[in-house]
């Protein structure tokens, strides 16, 4: 099948149908500008239909034996494995992901599906003691009901599945809104996988739409009890505000400005490899990317020479070509924003050790250094192939610089002394940090999430049960209670 022909629809209550909005979302290949699909947007009324069908279908699904739910997840995993090559081609075409990136995304998607298979059986209840004689306290973990999922463009297949699959495994229904730039890989393709896996109609609905059409209908609707959002901190703050006003739980995986710290006793060749991958994987369009490379002055010159040489060697071009490392950014607005950021930093006094060129949506890598301490680029998320090299003197200064950002998602420390690295990692205000490794990691059973402006809550492993279930207390009084009146 042609994903971009057959899946260019809304998916509501088990039916593939055109949207009823007044305009179309055009899905383009960001490398060559080819039109992949045209999808008429869903209206607020269709969002309501999606949530209502999810609510109706969830009642039976929540009561379904978890072993039955597990079977659907197992079939979904097999479908992804069987169609991996086709899905990889779609990732390359729709978001300009390189072959390497597509393989990386699909590897993680399969791992998260495997974890979701196990998650279906994980929620357990408790029997707790009571100070009241003869009373039994039972605590049940139950589905929240309906979950709204809003996914981003950078890892759309993975990051949609990452919330959708656990929510379904735990007995919920889902309404998924993918990013406008990746409506197929982040939305309708996920629906197709679960449709073929035998998921009952109505349990997963996909609405391809935009805030310009529906406003906050996806967030304000009374049916969903949890909204799982992955995207920018600016939009995340709005999601959190609307959810709070409507007494909904928000799980927010937001942006980052990670620091990779190279200490004076680090293995420099290895640190260079980790830093280049951490900054330039998927053109730097990764929330965990190492925006800032902090290097002890004792090794700054040697590290910088090796780092720049390796970055300069990265092949830039067609993401479908097997050897390409740097493909296009997602759209022209993003390419222009990154080019402007580099020009502004250089105009303000930064030194460009590499000054990337922009051709269409292709932006070749830049490496900047000699930035002023108050340079705006040091504190913001850079969603593109630009690395900032920042020297420091001693551990305390490294920690201070690393923490001098509103974000707190990931990070890394490179050192010949593992426990020294752990001590420094404990002082850095992030949700995740990695010793002698890169900054870009996600594992199915390890809590994933950030501090400060990088988000609220955690995903993965047991945190999925916390995110997508709630607890219910049922007490049983054996015998008769004594009342004061």
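Here is how the numbers come out for the structure above:
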read-out: Wholly enclosed strands (runs of 3 or more DSSP E) of region 1-82 bearing at least 3 residues surrounded by 16 or more Cβ atoms within 10 Å (Cβ to Cβ); value: 10-12, 24-28, 35-40
read-out: Checklist (1) without any contact (Cβ under 8 Å) to a residue 24 or more places away in the chain; (2) touching a strand residue (DSSP E or B) at 6+ places or on another chain (Cβ under 9 Å) applied to residue 57, failing item; value: (1)
read-out: Among the residues listed as 178, 200, the single one being buried (at least 24 other Cβ atoms within 10 Å of the Cβ) and either in contact with a helix residue (DSSP H, G or I) (Cβ under 7 Å, 6 or more places away or on another chain) or not assigned by TED's automatic domain parsing to the domain that holds residue 53 (or both); value: 178
read-out: Subset tally (residues that are crowded, with 19+ Cβ neighbours inside 10 Å and over 21 Å from residue 408 (Cα atoms)) for region 372-397; value: 0
read-out: Qualifying residue in region 407-415 (condition: in the same structural domain as residue 286 (by TED's automatic domain parsing) and surrounded by fewer than 23 Cβ atoms within 10 Å (Cβ to Cβ)); value: no
read-out: Residue selected from region 240-264 under the condition part of a loop (DSSP other than H, G, I, E, B) and in contact with a strand residue (DSSP E or B) (Cβ under 9 Å, 6 or more places away or on another chain), by the criterion nearest to residue 341 (Cα to Cα); value: 257
read-out: Residue 476 vs. criteria loosely packed, with under 15 Cβ neighbours inside 10 Å and in a strand (DSSP E or B); value: yes
read-out: Conditions (1) touching a residue at least 60 places away in the same chain (Cβ under 8 Å); (2) not in a helix (DSSP H, G or I): number failed by residue 179; value: (1)
read-out: Criterion violated by residue 97 - all others in (1) assigned to a helix (DSSP H, G or I); (2) within 30 Å of residue 314 (Cα to Cα) satisfied; value: (1)
read-out: Test set (1) closer than 23 Å to residue 210 by Cα; (2) over 23 Å from the mean Cα position of the chain (by Cα); (3) modelled with pLDDT of 95 or more - residue 67 fails condition number; value: (1)
read-out: Any chance residue 117 is surrounded by fewer than 24 Cβ atoms within 10 Å (Cβ to Cβ), under 18 Å from residue 460 (Cβ atoms) and in contact with a strand residue (DSSP E or B) (Cβ under 7 Å, 6 or more places away or on another chain); value: no
read-out: Given (1) in a helix (DSSP H, G or I); (2) farther than 25 Å from residue 390 by Cβ; (3) more than 23 Å from the chain's Cα centre (by Cα), number of the condition residue 333 does not satisfy; value: (3)
read-out: Selection count, region 159-171, where residues are touching a residue at least 60 places away in the same chain (Cβ under 8 Å) and assigned to a helix (DSSP H, G or I); value: 8
read-out: Qualifying residue in region 141-163 (condition: within 23 Å of residue 465 (Cβ to Cβ), surrounded by fewer than 19 Cβ atoms within 10 Å (Cβ to Cβ) and in the same structural domain as residue 208 (by TED's automatic domain parsing)); value: yes
read-out: Residue pairs meeting the criteria (Cβ under 7 Å; at least 6 apart or on separate chains; first free of Cβ contacts under 8 Å to residues at least 40 places away in the same chain, in region 295-312; second assigned to a helix (DSSP H, G or I)); value: 299/268; 302/268; 306/268; 306/269; 306/272; 310/272; 310/276
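Results for (1) more than 27 Å from residue 104 (Cα to Cα); (2) touching a strand residue (DSSP E or B) at 6+ places or on another chain (Cβ under 8 Å), shown as yes or no for each residue.
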| position | (1), (2) |
| --- | --- |
| 402 | yes, yes |
| 413 | no, yes |
| 426 | yes, no |
| 434 | no, yes |
| 449 | no, yes |
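The values are calculated or read from the model by the stated rules, or taken from the named source; none is laboratory data. Source: prediction; values computed, not measured. So basically every Cβ, Gly included, is an ideal-geometry build from the backbone, and we count neighbours across all protein chains shown.
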